[in-house]
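Some notes on the structure that comes next.
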Amino acid sequence: MSYKIVIDSCGELLEQWKQDERFASVPLTLTVGSENIIDDETFNQADFLQKVAACPECPKSACPSPESYRKAFDCEAEHIYCVTLSSELSGSYNSAVLGASLLHEEKKGVQIHVFNSCSASIGQTLIAMKIAQCEDAGLPFEDVVSVVNKYIEEQHTFFVLENLETLRKNGRLSRVKALVATALKIKPIMGSTPEGTICQLDQARGMNKALVKMVDKIVEVTENSENKILAISHCNSPKKANMLKEAIQEKMKLADIVVLDTAGVSSMYANDGGIIVAV
């Protein structure tokens, strides 16, 4: 069976996917001040981070239009899947569902399923990998949907922020608290909820201590780790990501660990130095 996997641009693409017609990214639009930036292959992370740091306003994102999704879904593949960032964080999921409905009106019987990742960034990447694994194993469309939905229910996403400015700018952290946290080098350890929202799990003084605590929490919630792939995405911090990879490998056995740099939307959320982990 032929298939296509569409991911909104909050999800990082593996390098080999970028040249594979079975995979496509639908870009969100990022806004910094009065400038709109398309989160596609032209995205420049270093330039974006400079603009975010210089702008007093919080950066924002706008989800792709239903028509953008309809165009991405319109192909010759027999099975079409879409993975969006959490519907609790963006309108991307609803837009993709509407895009699928538009194509259904034109092509009766086309098989499309839109997955609400209940995650973001590298969590979406892992979901796309699971879809491809199921398809390559020859599972029927309905079974792929069932297996992947169960995978999403069991997935966990974590992140640690080096820079708290985005939280301050969007009102999630007062200026006073942000200044105190920065002065004391307090780093929040954040995680996803089953519903796809974000919660604070813990905090630590210093990035290294925060990463150690995050590793402990990853080990705590990950069952049958030897059969799972863990993924790390980092915002302009490859050394930190590789140190984290080594720390995780010392604590648990995994099928594989994937390390990627954040794309546009993930860079906006994580900010300079942020680390995201999904398993």
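The values are calculated or read from the model by the stated rules, or taken from the named source; none is laboratory data. Only a predicted model underlies this, so the values are computations on that prediction, with no experimental measurement involved. All Cβ positions, even for glycine, are placed from backbone atoms using ideal geometry, and neighbour counts span all protein chains on display. For accessibility, only protein heavy atoms count, side chains too; no ligands or nucleic acids. Shrake-Rupley method; radii C 1.70, N 1.55, O 1.52, S 1.80 Å.
Numbers for the structure displayed
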quantity: Long-range neighbours under 8 Å by Cβ, at least six apart or interchain, first residue of a type in the set (Phe, Trp, Tyr) and part of a loop (DSSP other than H, G, I, E, B) within region 1-28, second at pLDDT below 95 and open to solvent by less than 20 Å² (accessible area, probe 1.4 Å); calculated: none
quantity: Residues located in region 200-240, provided they are farther than 12 Å from His156 by Cα and polar (S, T, N, Q); calculated: Gln200, Gln203, Asn208, Asn224, Ser225, Asn227, Ser233, Asn236, Ser237
quantity: Among the candidates Ala210, Ala204, residue that is part of a strand (DSSP E or B) and at pLDDT below 95; calculated: Ala204
quantity: Filter result for the condition that a residue is over 16 Å from the mean Cα position of the chain (by Cα), open to solvent by less than 60 Å² (accessible area, probe 1.4 Å) and under 17 Å from Lys4 (Cα atoms), over Leu126, Leu103; calculated: Leu103
quantity: Lys108 surrounded by fewer than 13 Cβ atoms within 10 Å (Cβ to Cβ), over 17 Å from the mean Cα position of the chain (by Cα) and either in a strand (DSSP E or B) or among the charged types (D, E, K, R) (or both); calculated: yes
quantity: Members of region 130-144 found to be at negative phi and surrounded by fewer than 18 Cβ atoms within 10 Å (Cβ to Cβ), listed by number; calculated: Gln133, Asp136, Ala137, Pro140, Glu142, Asp143
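This table checks each residue for (1) touching a residue at least 12 places away in the same chain (Cβ under 8 Å); (2) among the aliphatic types (A, V, I, L, M); (3) buried (at least 19 other Cβ atoms within 10 Å of the Cβ); (4) assigned to a loop (DSSP other than H, G, I, E, B).
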| site | (1), (2), (3), (4) |
| --- | --- |
| Leu30 | yes, yes, yes, no |
| Asp47 | no, no, no, no |
| Lys51 | yes, no, no, no |
| Glu67 | yes, no, no, no |
| Ile80 | yes, yes, yes, no |
